[in-house]
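> My questions will all concern the structure given below.
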Amino acid sequence: MAVCSHLSCVFLLLLVCNNAMKVWGSITCKNSTSVSITMTWDAVPETDLYYVAFSATSDERPFAIKTTDTTSITALDLKPNQTYYVMLRSHPSSEKTIAWAPGWRDFSTPVVCHTLPTDPNTPYDLARVGKAPKPHSIRFSWRTFHNIELLKNSTPKFEVTVASVHRAQENTLPWFGSSLWKVYPLELEDILGLEDMGNNVTFVSSLSGLPQNMAHFLRIREVSKTTSWSDPVMFRTSNPELMYTTTYRISEYAMDVDFLENHNSATAESMPLYLMTCSPEGNCQPWNKTEFMKSDEDWDTCEAYLEKLCPMRGTGFNGCMQCVDKSKEDVMKICGNYTDQDKEHPGFPVHYYCGIGWPENLMYFSAITEYCVEHLPAPNSDPRWKGFAQYISCNSDEVDAAYNNSANYPTCICWVWDDRQMSLLPKSELDSQCSGHFPWFVHEPICNCSSNKTFPGSVAITPDNPSYRYVGAMPVFLPYGYYQQPQESYPARVPSGDNLSTPREGSCNETQQPGDGDCTWKRNAAARVIYGPDLFESGWDDRFIPDTETNYTHHLKNIAVFAKALRRKDDYMTERCCGC
């Protein structure tokens, strides 16, 4: 192991600071501050995207990622004097979509990077005040070490220096030329902590008249003490023409992070309900490998065997399952009995590998990724959808029945009946748009979205439909799963967030902004990640306790637990609101 200079990189295994030896795809850390680290690496041939993953220890799964199509990034919102285990993952340009997690190459060897400690003579903990961006102003706070008694008699003076860049340039660091920094005096709006016993004091101020839709890097210093500038922190101003939505995506048919293109996700109030989906009889979504096999090792052995036998993972019925069926007796010896039908039992390990049927997740192990999506409002949006297009259902068993869906290149279809029921639509509306029944194993009516009345053309999302390019939403209500049959009205109908659809055709690339060309929505490059253990360690209750018409306490408790689990790595990252 070799330890670098004060720029704070420790390289593991074959990595050395003077680059005498390099590992393919390995990361070099440099230009650390107390809140950021810049990382570079050699280009990987035939690659269209990278992401850097951050872990708290060498044996933990990543709690955050950041994507880029270049060979460097600067990770922001880090904590002072902290250690990060950093890995690189690259996406082959030959893969049709980044959405399929197994399509990415393996992680590189971890590298240990450090942020610098806070300088006690400079302001620190510079952060936004408020939970939503504004187009022309930023309110922010910072802390300093001050003698409380002296502060009660005199007010210190501060100034801020700002460097503003276009959003497309916000990752082009380090920190710009001196000509970009402009200095402004600050008027203090509030001082917090004067009554505390310690000497940490929080100050609050704001800037107004800033250009919209820009990234503004701020530094603070105390004029009255001529202290040094604080380390730069980025604050964005919003674009009034865009919507900003935080959504959570649980990876399907895979355990690593997957992405949003032609996938569904959910807001923080709705995702916990999805994780608790159960049948009226109490048959719930699976959490552990041992629900299907005797041990975790047996599950892993089955998946490894299938990978070797049929390396076309995620290609559904017409690829993977056909291959597996050719060796059914041998597969059953390793993986147990299975069926080609959409049934959780028997055969979920085989279905999970091939990417068919419901459920699509193994809850305890699948990554749950928090994404910020900036998007244009959909044209002619139904007022019920509040600027979103109508939801479309992606990568589900209904899509299997309609188009032999492949999880490695997912398809979306017209908002399906089961999903519409979660929105508690009036029976007359459901009856007018849904009729007949899906073929094969899907026992629900077919809902139509096109002028083509013949299945499967009737469920296709055509280019003239706003849902083809724009982010869609469907509201979710409590009591969740209580009303099993549609009604014209529902005595209890309590909002609990939204499920979202993000169509591939409207996705912006890493350098585009919504409105460029045909792209209407953009995933922010930085994302946070949690897993099943984070939920359980925060108090998750996985018992089957169905809602009643007057009691939703079980779901409400787990919604609060989900919010708590999202804060488990606050010692490593500062929370950033979507668009901020």
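> Please work out which residue is surrounded by the most Cβ atoms within 10 Å (Cβ to Cβ), limiting yourself to the range 453-497 and to residues that are among the charged types (D, E, K, R) and more than 19 Å from Leu430 (Cβ to Cβ).
Here the residue is Arg469.
> Yes or no: Glu149 at pLDDT 90 or above, over 34 Å from the mean Cα position of the chain (by Cα) and not in a loop (DSSP other than H, G, I, E, B)?
In short, no.
> Continuing with this model, one more query. Right, Ser450: modelled with pLDDT of 90 or more and either outside any loop (DSSP other than H, G, I, E, B) or surrounded by fewer than 20 Cβ atoms within 10 Å (Cβ to Cβ) (or both) or not?
no
> Separate question: Is it fair to say Ala304 is free of Cβ contacts under 8 Å to residues at least 40 places away in the same chain and more than 15 Å from the chain's Cα centre (by Cα)?
yes
> Here is a follow-up. Do the conditions hold for Tyr248, that is, is it open to solvent by less than 20 Å² (accessible area, probe 1.4 Å) and aromatic (Phe, Trp, Tyr)?
Considered against the rule, which asks whether it is open to solvent by less than 20 Å² (accessible area, probe 1.4 Å) and aromatic (Phe, Trp, Tyr), Tyr248 comes out as yes.
> A further question follows. Looking for something in contact (Cβ under 8 Å) with a residue 60 or more places away in the chain, more than 24 Å from Thr74 (Cα to Cα), outside any helix (DSSP H, G or I) and hydrophobic (A, V, I, L, M, F, W, C) - is there at least one such residue anywhere in the range 152-167?
Taking every residue of the range 152-167 in turn, at least one turns out to be in contact (Cβ under 8 Å) with a residue 60 or more places away in the chain, more than 24 Å from Thr74 (Cα to Cα), outside any helix (DSSP H, G or I) and hydrophobic (A, V, I, L, M, F, W, C).
> Wholly within the range 318-426, which helices (runs of 4 or more DSSP H) include no fewer than the required count, namely at least 3 residues that are open to solvent by 10 Å² or more (accessible area, probe 1.4 Å) and either modelled with pLDDT of 90 or more or under 30 Å from Glu575 (Cα atoms) (or both)?
Output list reads 322-325, 328-335, 417-422.
> Is it true that some residue in the range 519-539 is under 25 Å from His91 (Cβ atoms), out of contact with any Cys (no Cβ under 8 Å at 6 or more places or on another chain) and open to solvent by 70 Å² or more (accessible area, probe 1.4 Å)?
No - not one qualifying residue is present in the range 519-539.
> Sticking with this structure for a sec: Within the range 307-317, restricting attention to residues that are farther than 15 Å from Ala254 by Cα, at pLDDT 95 or above and open to solvent by less than 70 Å² (accessible area, probe 1.4 Å), which residue is nearest to the chain's Cα centre (by Cα)?
Cys310
> While we're looking at this one, here's another question. Is there a residue in the range 280-297 that is within 17 Å of Ala254 (Cβ to Cβ) and assigned to a helix (DSSP H, G or I)?
Checked against the condition, which is being within 17 Å of Ala254 (Cβ to Cβ) and assigned to a helix (DSSP H, G or I), the range 280-297 yields at least one hit.
> When the range 484-500 is examined, which residues are found to be touching a helix residue (DSSP H, G or I) at 6+ places or on another chain (Cβ under 9 Å) and outside any loop (DSSP other than H, G, I, E, B)?
Ser496, Gly497, Asp498, Asn499
> Turning to a different aspect of this structure: Considering only the range 92-120, state which residues are farther than 18 Å from Ala367 by Cα and outside any loop (DSSP other than H, G, I, E, B).
Selection gives Pro92, Val111, Val112, Cys113, His114.
> Do you know which of the residues in the range 500-518 that are out of contact with any Cys (no Cβ under 8 Å at 6 or more places or on another chain) and open to solvent by less than 20 Å² (accessible area, probe 1.4 Å) is nearest to Pro272 (Cα to Cα)?
Among residues in the range 500-518 that are out of contact with any Cys (no Cβ under 8 Å at 6 or more places or on another chain) and open to solvent by less than 20 Å² (accessible area, probe 1.4 Å), the one nearest to Pro272 (Cα to Cα) is Leu500.
> For residues in the range 175-192 being in a loop (DSSP other than H, G, I, E, B) and open to solvent by less than 70 Å² (accessible area, probe 1.4 Å), which is modelled with the lowest pLDDT?
The selected residue is Trp175.
> List the pairs whose first member sits in the range 76-102 and is of a type in the set (Asp, Glu), whose second member is in a strand (DSSP E or B) and buried (at least 19 other Cβ atoms within 10 Å of the Cβ), and whose Cβ atoms are under 6 Å apart, counting only residues at least 6 apart or on separate chains?
Listed by first residue and then by second, the contacts come to Asp77/Met573.
> Right, another one. Return the residues of the range 466-496 that are under 11 Å from Met422 (Cα atoms) and either aromatic (Phe, Trp, Tyr) or within 21 Å of the chain's Cα centre (by Cα) (or both); say none if nothing qualifies.
Met474, Pro475, Val476, Phe477, Tyr480, Tyr482, Tyr483, Ser496
> Name every residue in the range 48-74 that is aromatic (Phe, Trp, Tyr) and assigned to a loop (DSSP other than H, G, I, E, B), in order of residue number.
Matches in the range 48-74: Phe63 only.
> Taking the range 265-293 only, how many residues are surrounded by fewer than 22 Cβ atoms within 10 Å (Cβ to Cβ) and either of a type in the set (Lys, Arg) or touching a Cys at 6+ places or on another chain (Cβ under 8 Å) (or both)?
Residues meeting the conditions: 5.
The values are calculated or read from the model by the stated rules, or taken from the named source; none is laboratory data. For clarity, every value in this text was computed on a predicted model and none was experimentally measured. So basically every Cβ, Gly included, is an ideal-geometry build from the backbone, and we count neighbours across all protein chains shown. For accessibility, only protein heavy atoms count, side chains too; no ligands or nucleic acids. Shrake-Rupley method; radii C 1.70, N 1.55, O 1.52, S 1.80 Å.
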